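Novice: Supplied in structure tokens, the structure appears directly below.
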Amino acid sequence: MPILRIRIAGIKVNSDFWPNRRNRMPLSKPSRGEHDAPRTSKPTGQQHLYLIFDDWEFGYSIRKLNLSNAGAEQRRLPPPFIRLEATRGCPEFFAAVGTKILATHPRCDFSNALAPGGILPIIDVRSQGVNFAPGELYPQHPIYIPVGDEELFALDMDTFKMLSMKPLWPPRLEFEYRKQISEWSWRNLPMPTFNRMDVTSYAVDSDGRTIVASTADATFAFDTMHDKWEKRVEWSLPFSGRANFVHGLDVFVGLPKDVDAFGHLCFCRWLGDDKHDVWFSKENLSSKDPAENHVGTTLVYLGESRFCLVECVSNGDAKAVEKWLEEREELNQTEECEELHETEEWEGCPLSSRCRLTTFSLSSDMNGDLTAAEIVVQCYDVPMDAFYNVNPVAFWL
């Protein structure tokens, strides 16, 4: 497995990982992230949407977008906030908690005292610094679930672990007698009775500390305070992937598992015991252009009943693009391809990939139904080298 490397432009790198070097710069306070459950800290600074693109030959670019820039016209993405060298085609190995983005891609085992088990790069988007935590070897199909602003839970094929991101002071990893002693460490937790690959949806419950995960016919709960799994109900949450509990509306919100409801939001309210209520939004928020091929969709919670629907769509097919580029061999370099966006010649490309961001707020109408309001759409050109085969990866930090 290749080692993950970091390429940084204008980013400070903390050297806390190396022994006997202490950086006494205080850490920034974490933000509310993607939940609106009660917090132990308050957000600082303006939050942004961070999109991760598999768009260059060595790995990934993280782009920072301001969602307040309204306008439906198609535009170019901002320059990368940071680039990370890592095995391509695995954007699901990125996770986020508080104000931090973690790259947990598989990497080689360092059999020495300085890096037993490897390291895990952590990018703090608020302080624009890079720190390190103990790495996990060879994650297979991880589901990362942040709880609060300081704990990240990872459910994988044969493991269930938690990484505490509570601030260190001094912020460092210490080594003593060739044995790593770190306040930042992965802790093994009890495995659930179900298989990770059977998980269809998951969320953090209304109390802000209980993880719920559904399989095809049951929903289980993990109490993070007492490290205990239990089967909660004999039915499955109606979502596809991650859902969020919105306290102001007392409802879970996510993308529907039902393919016939594609483009609509799915709502689920727990009524107690084994009772629940499921319904869908009237509005179809997805792209409705019949000429577009849908690639993937992710729903990001912005807090206070606000969401952003992130869609990757394309016009045409990959073979047509390949033929079109072969006719323009002088434009094979990524930078030159991006420059082509500024010319009229780009309009002749058979594939115009783009990322569509739809921000909206949820509220109750006069009939008590949940409806999307204050809808704003932004569209961005997708880099030519971007590789998509999964849902887009996006974080609100």
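The values are calculated or read from the model by the stated rules, or taken from the named source; none is laboratory data. Owing to the predicted nature of the structure, the values given are computational and were not obtained by experimental measurement. Cβ sites come from the backbone with ideal geometry, for glycine too, and all protein chains shown count toward neighbours. For accessibility, only protein heavy atoms count, side chains too; no ligands or nucleic acids. Shrake-Rupley method; radii C 1.70, N 1.55, O 1.52, S 1.80 Å.
Novice: Could you list all residues from region 257-277 that are part of a strand (DSSP E or B) and closer than 24 Å to Pro146 by Cβ?
Specialist: Going residue by residue through region 257-277, those that are part of a strand (DSSP E or B) are 266-272, 275-277.
Those that are part of a strand (DSSP E or B) and closer than 24 Å to Pro146 by Cβ: Cys266, Phe267, Cys268, Arg269, Trp270.
Novice: Give the residue, chosen from Leu189, Leu255, that is within 23 Å of the chain's Cα centre (by Cα) and surrounded by 20 or more Cβ atoms within 10 Å (Cβ to Cβ). Quick ask: steps written out before the conclusion?
Specialist: On the way: Leu189 fails: surrounded by 20 or more Cβ atoms within 10 Å (Cβ to Cβ).
Step by step, each of Leu189, Leu255 is checked, and only Leu255 is within 23 Å of the chain's Cα centre (by Cα) and surrounded by 20 or more Cβ atoms within 10 Å (Cβ to Cβ).
Novice: To continue, here is another question. With respect to Leu77, is the statement that it is at pLDDT 70 or above, out of contact with any Pro (no Cβ under 6 Å at 6 or more places or on another chain) and in a strand (DSSP E or B) true? Spell out the reasoning first.
Specialist: Details: at pLDDT 70 or above: yes; out of contact with any Pro (no Cβ under 6 Å at 6 or more places or on another chain): yes; in a strand (DSSP E or B): no.
It is false that Leu77 is at pLDDT 70 or above, out of contact with any Pro (no Cβ under 6 Å at 6 or more places or on another chain) and in a strand (DSSP E or B).
Novice: Would you mind telling me which numbered condition in (1) open to solvent by less than 70 Å² (accessible area, probe 1.4 Å); (2) part of a strand (DSSP E or B); (3) not aliphatic (A, V, I, L, M) Asn284 fails?
Specialist: That leaves (2) as the condition not met.
Novice: Just one of the numbered conditions (1) touching a residue at least 60 places away in the same chain (Cβ under 8 Å); (2) within 29 Å of Ser353 (Cβ to Cβ) is not true of Leu255; which one?
Specialist: Tallying (1) touching a residue at least 60 places away in the same chain (Cβ under 8 Å); (2) within 29 Å of Ser353 (Cβ to Cβ), Leu255 fails exactly one: (1).
Novice: Taking Ser240 as meeting all but one of (1) in contact with a strand residue (DSSP E or B) (Cβ under 9 Å, 6 or more places away or on another chain); (2) at pLDDT below 95, write down the number of the exception.
Specialist: So the condition that Ser240 fails would be (2).
Residue-by-condition table, conditions (1) among the small types (Gly, Ala, Ser); (2) modelled with pLDDT under 75; (3) more than 29 Å from Ala96 (Cβ to Cβ):
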residue: Trp270; (1), (2), (3): no, no, no
residue: Ser286; (1), (2), (3): yes, no, no
residue: Glu311; (1), (2), (3): no, no, no
residue: Ala318; (1), (2), (3): yes, yes, yes
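Novice: Which of the residues that make up region 25-54 are among the charged types (D, E, K, R) and either under 24 Å from Ile375 (Cα atoms) or at pLDDT 85 or above (or both)? Spell out how you get there, then give the answer.
Specialist: Looking only at region 25-54, we keep the residues that are among the charged types (D, E, K, R), and these are 29, 32, 34, 36, 39, 42, 54.
Scanning region 25-54 gives Arg32, Glu34, Asp36, Asp54.
Novice: On the given criteria, is Ile8 over 24 Å from Ile145 (Cβ atoms) and either at pLDDT below 50 or under 15 Å from the mean Cα position of the chain (by Cα) (or both)? If you could, list the steps in order and put the result at the bottom.
Specialist: Details: over 24 Å from Ile145 (Cβ atoms): yes; either at pLDDT below 50 or under 15 Å from the mean Cα position of the chain (by Cα) (or both): yes.
So Ile8 fits the description; yes.
Novice: Working only within region 195-218, note down all residues that are crowded, with 18+ Cβ neighbours inside 10 Å and over 30 Å from Ser305 (Cβ atoms).
Specialist: Arg196
Novice: Starting from residues that are open to solvent by 20 Å² or more (accessible area, probe 1.4 Å) and acidic (Asp, Glu), keep the ones in region 134-172 and report whichever is modelled with the lowest pLDDT.
Specialist: For region 134-172, the residue satisfying everything is Glu136.
Novice: Follow-up question, since we're still on this one. Any residue that is part of a loop (DSSP other than H, G, I, E, B), at pLDDT below 65 and open to solvent by 30 Å² or more (accessible area, probe 1.4 Å) - is there at least one of those in region 86-109?
Specialist: Yes - at least one qualifying residue is present in region 86-109.
Novice: Name the pairs whose Cβ atoms lie under 9 Å apart, with the first residue in region 209-224 and more than 13 Å from Ile143 (Cβ to Cβ) and small (Gly, Ala, Ser), the second modelled with pLDDT of 95 or more and buried (at least 20 other Cβ atoms within 10 Å of the Cβ), and 6 or more positions between them or separate chains?
Specialist: Note: pairs meeting the criteria are Ala221/Ile211; Ala221/Val212; Ala221/Ala213.
Novice: Related question: Quick check on this structure: which one of Ser281, Ser236, Ser287, Ser240 is within 16 Å of Ser201 (Cβ to Cβ) and in contact (Cβ under 8 Å) with a residue 40 or more places away in the chain? Break it down stepwise before answering.
Specialist: Working: Ser281 fails: within 16 Å of Ser201 (Cβ to Cβ); Ser236 fails: in contact (Cβ under 8 Å) with a residue 40 or more places away in the chain; Ser287 fails: within 16 Å of Ser201 (Cβ to Cβ).
Result: Ser240 is the single residue among Ser281, Ser236, Ser287, Ser240 that is within 16 Å of Ser201 (Cβ to Cβ) and in contact (Cβ under 8 Å) with a residue 40 or more places away in the chain.
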